[in-house]
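One structure is given here, and the rest of the page talks about it.
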Amino acid sequence: MAQLVTKKFKREQKSRKLHDTVRAEYDTFTVNGRKYIQIDTYGRENRQMPNTPSQKIQFDEDFAKNLVSIFRAEGLI
């Protein structure tokens with residue numbers, strides 16, 4: 001599991017390819033008055049443990065705002 005924070009998030013240009021489409025789920029929760037979102041990804045359906053999350057990523061409101069501004073700057077929204 002990983003919690004993302006804005007100060008450790010930077011652009012890194014690399015060679016990229018499009019990945020396969022996989023199932024993902026999200027949920028929100030609050031800890032000490034701060035709201036978080038968690039995204040779980042599940043990998044390919046033919047993997048050994050198909051209903052176990054491959055990755056769990058959490059981020060807070062500050063990170064979400066940063067991500068939205070990146071999406072806007074890149075023309076994705």
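Just so you know, all these numbers are worked out from the coordinates, no wet-lab data involved. Computed from a predicted structure; not experimentally measured. So basically every Cβ, Gly included, is an ideal-geometry build from the backbone, and we count neighbours across all protein chains shown.
In table form, for the structure just shown:
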{"item": "Cα-Cα separations in the chain greater than 19 Å, expressed as whole percent", "result": "52"}
{"item": "Loop sites in the chain: GluC sites (Glu not before Pro), DSSP, at most 11 other Cβ within 10 Å", "result": "12, 45, 74"}
{"item": "Amide hydrogen neighbours beyond the local backbone of residue 43, cut-off 5 Å, H modeled", "result": "23, 54"}
{"item": "For the chain, size of Cβ-based charge dipole, Lys and Arg +1, Asp and Glu -1, in debye", "result": "360"}
{"item": "The chain: chymotrypsin sites (Phe, Trp or Tyr not before Pro) falling in loop per DSSP and having at most 13 other Cβ within 10 Å", "result": "9"}
